[in-house]
Amino acid sequence: MKLYLVQHGKAASKEEDPERGLTPQGLEETRKAARFLAELDLSVNKIWHSGKTRSRQTAEIFASALSQQPELHEKEGLAPNDNPDDIAYLLRNTEHPVLITGHLPFLSRLTGILLCGSPDKGCVAFRNSGVVCLERFEESGQWALIWAIVPGLL
């Protein structure tokens, strides 16, 4: 099972926008990353996002770029400071590829659990609009980092 983790695009400050929506640069970088994934013709059935505007906007951009139009799901437990244990458990029991748009430190803590067994181990350095691909091997249940991309490389 493949898992795609995306840190939301660059967001406005609370002073500029109390909802903290994506900035013009955040929108453009997220569109670049989404186009990159679309060109890979990935299979993603669902996109999970937090209830925060910047995460939802990022999810919508990815959903519109992918050919099979994955379902968007606002998911509890994906906020910046949420405990990643419940989502890690859900992912261990998920059969189909999922893309999660989220926040730091949550995404870093989730990858720590999946890859290193501890939320406190910083296994991956996330960037706004960057995509990290993990894969769970069915035989062992172990997760591995397959690839990562940041907008500056696109």
Within region 94-107, can one find any residue that is out of contact with any Ser or Thr (no Cβ under 9 Å at 6 or more places or on another chain) and free of Cβ contacts under 8 Å to residues at least 24 places away in the same chain? no
In this structure, does A79 turn out to be in a loop (DSSP other than H, G, I, E, B) and free of Cβ contacts under 8 Å to residues at least 40 places away in the same chain? yes
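Yes or no: region 88-95 includes at least one residue that is farther than 15 Å from Y4 by Cα and surrounded by fewer than 19 Cβ atoms within 10 Å (Cβ to Cβ).
Initially, region 88-95 is screened for residues farther than 15 Å from Y4 by Cα, giving 89, 93.
Those left that are additionally surrounded by fewer than 19 Cβ atoms within 10 Å (Cβ to Cβ): 89, 93.
Yes, region 88-95 contains at least one residue that is farther than 15 Å from Y4 by Cα and surrounded by fewer than 19 Cβ atoms within 10 Å (Cβ to Cβ).
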Which pairs do you get when a residue that is basic (K, R), found in region 126-154, comes within reach of a residue that is assigned to a loop (DSSP other than H, G, I, E, B), reach meaning Cβ atoms under 8 angstrom, with the pair 6+ apart or on two chains? R127/V150; R136/M1; R136/Q142
What pairs can you find where one residue is in region 10-31 and within 18 Å of F126 (Cα to Cα), the other is among the acidic types (D, E), and their Cβ atoms are less than 8 Å apart, with a gap of 6+ or different chains? K10/E29; A11/D17
Could you tell me whether any residue of region 134-152 is under 12 Å from the mean Cα position of the chain (by Cα), surrounded by 21 or more Cβ atoms within 10 Å (Cβ to Cβ) and part of a helix (DSSP H, G or I)? no
Which residues, counting only those in region 103-132, are in contact with a Phe, Trp or Tyr (Cβ under 8 Å, 6 or more places away or on another chain), under 16 Å from K10 (Cα atoms) and either of a type in the set (S, T, Y) or crowded, with 16+ Cβ neighbours inside 10 Å (or both)? L107, V131
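Residues checked against (1) of a type in the set (V, I, T); (2) closer than 17 Å to L42 by Cβ:
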residue	(1), (2)
P70	no, yes
A79	no, no
N83	no, no
P97	no, yes
V124	yes, no
V132	yes, yes
Q142	no, no
I146	yes, yes
Hey, could you check region 114-133 for residues that are in a helix (DSSP H, G or I) and over 15 Å from the mean Cα position of the chain (by Cα) and say which is farthest from P24 (Cα to Cα)? C116
Filter region 39-88 for residues that are under 17 Å from L134 (Cα atoms) and among the small types (G, A, S); the one that is modelled with the highest pLDDT is A88
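Kindly indicate whether any position in region 1-13 is over 19 Å from N128 (Cα atoms) and assigned to a helix (DSSP H, G or I).
Going residue by residue through region 1-13, those that are over 19 Å from N128 (Cα atoms) are 1-2.
Next, only the ones that are assigned to a helix (DSSP H, G or I) stay: none.
Checked against the condition, which is being over 19 Å from N128 (Cα atoms) and assigned to a helix (DSSP H, G or I), region 1-13 yields no hits at all.
The values are calculated or read from the model by the stated rules, or taken from the named source; none is laboratory data. Quick caveat, the model's predicted, so the values are computed rather than measured. Cβ coordinates were reconstructed from backbone atoms using ideal geometry, including for glycine residues, and neighbour counts include every protein chain displayed.
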